[in-house]
Amino acid sequence: MISDFEIREDDRKQFAEEFLVRLPARIIDSHVHVWTHACVAIPKEEYGKYKQYKPWTDFDYMKEFTIEDYLFCAKSAFPPKTVIPIVFGSPFPQIDRTMVNEYVMEHAQKYGLGFYYIPGQYEDMEETEKKYNLLGRKGFLGLKPYPDIPVVQGRECGIYDMLNQSALEYAQQNKLFILLHIPRKGRLHDADNRRELDECTRTYPDAKFILAHVGRAFCYKDIDGLIDFLVGRENVWFDTALINSGPVLEYLLHRVDSTRILFGSDAPLAFCRGKDIEINNKHYYVSEHPVPWGLGPMGGSIQEFTFYIYEEIRELLRASKAVYGQNETSHLENIFYKNAGKMLKITN
Ligand SMILES: [Zn+2]
């Protein structure tokens, strides 16, 4: 669990004033990381090393984040809405990939949730299918590759390191989703990323690609003119996980049909208190308490921040008002519920 998770009076007030009426009664959160403490593969003495740059491997702050933890946070922060997560493991080398995949597939099934499998760099997905019978498991949606998993020397990890041929063919043959966190520092500015994306979405037309974090566009500069080549492709979707930028979301809603956009929170960070902010075309986590991976108050805490997930939704609703105006209801239904509902074959 997140060590300082709590609901405050002010959170309740904001939720009631800003979100209660405009959000649909049922929400599917399409981007949720979970793991148990048993999956953490490094000793406690090494925790300090891995929490310097990113919250995801701050195991002092978030020792584990189980499906039950998510359900508790969502229930506490979204009353009276029903919030359904789509889950996958935490994809870092400090987490045992086999253990976290097994945790996800067993426990997602227990709760009837949709889930993804994190593939390895050289993993033969045919063998994996024989071992786990993923296709026979209710809720299995596809693959969640991640650039921190492959080990490459002397160059940056590319899309084909994250998704080998067996993974791409497995997704193609079985019409699976691939939730893709694009690699390389340059994000969509990187010509190799754009070429590989163009190529694999054409070569594997039955695989369904979801670009996580709108192609990692946390800043306006990282979306402006850069997603357009993928817009309108039958097998491409975008998720909004951890996007706190109004201009990015407005660009997305302007250019991409609402049937192609999925709300995602990127929990557990979504239930921490802070905001992802843009300064000089780079993004920074700002947190209520000082943490090694973010900017924050020097000493003490501000105690006036709310959850990242509220900041995400606040910006998404602002963009919705700007783009859809009075006609937002059906679009918000698509983004927050219906599109993911279709993936899960929920028909009502
Ligand atoms: Zn994520």
- Note on the structure: So for R0 = 41 Å, FRET eff. of Lys282-Thr82 from the Cβ-Cβ r, to 0.05, ends up at 0.65
- Shape descriptor, the stretch 93-213: equivalent ellipsoid semi-axes (Cα gyration tensor, sqrt 5λ, whole Å, largest first) stand at 24, 16, 13
- Just name one of Pro145, Val40, Ser3: the one whose Cα is farthest towards the positive end of the charge dipole of the chain (beta-carbon charges, Lys/Arg +1, Asp/Glu -1). Pro145
- Query: About its Cα centre, how strong a charge dipole does the stretch 285-348 have in debye, to the nearest 20, once Lys and Arg get +1 and Asp and Glu get -1 at the Cβ?
  - Reply: 380 debye
- Quick one: if the Förster radius is 30 Å, what FRET efficiency do Ala191 and Gln52 give, using the C-beta to C-beta distance and rounding to 0.05? 0.50
- Task: Report, by chain and number, residues whose modeled amide H sits under 5 Å from the one on Ala212, excluding near sequence neighbours (fewer than 5 apart, same chain).
- Result: Leu180, His181, Ile182, Asp239
- Note on the structure: Filtered hits (lysines, Cα-Cα < 24 Å from Lys221, offset >= 8 within chain) -> Lys54, Lys185, Lys275, Lys282, Lys321
- Between Phe229 and Ile7, the FRET efficiency computed from the C-beta separation at R0 = 51 Å comes out, to the nearest 0.05, as 0.75
- Query: Dipole magnitude of the stretch 136-202 about its Cα centre, charges +1 at Lys/Arg Cβ and -1 at Asp/Glu Cβ only, in debye to the nearest 20?
  - Reply: 300 debye
- Dimensionless Rg ratio for the chain, taking C-alpha atoms and the 2.2 N^0.38 Å reference: 0.94
- Contour minus Cα-Cα distance for Leu295 and Glu106 (0.36 nm per residue): 64.3 nm
- Query: Taking Rh as the Kirkwood radius computed over C-alpha pairs, what is the Stokes-Einstein D of the stretch 149-306 at 4 °C in a medium of viscosity 1.567 mPa s, expressed in µm² per second?
  - Reply: 76 µm²/s
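Run the dipole for the chain about the Cα centre, Lys and Arg Cβ at +1, Asp and Glu Cβ at -1, nothing else charged, and hand back the magnitude in debye, nearest 20.
The calculation lands at about 620 debye.
Just so you know, all these numbers are worked out from the coordinates, no wet-lab data involved. Keep in mind it's a predicted model, so treat the numbers as computed, not measured. Glycine gets a Cβ as well: all are built from the backbone with ideal geometry, and neighbour counts include every protein chain shown.
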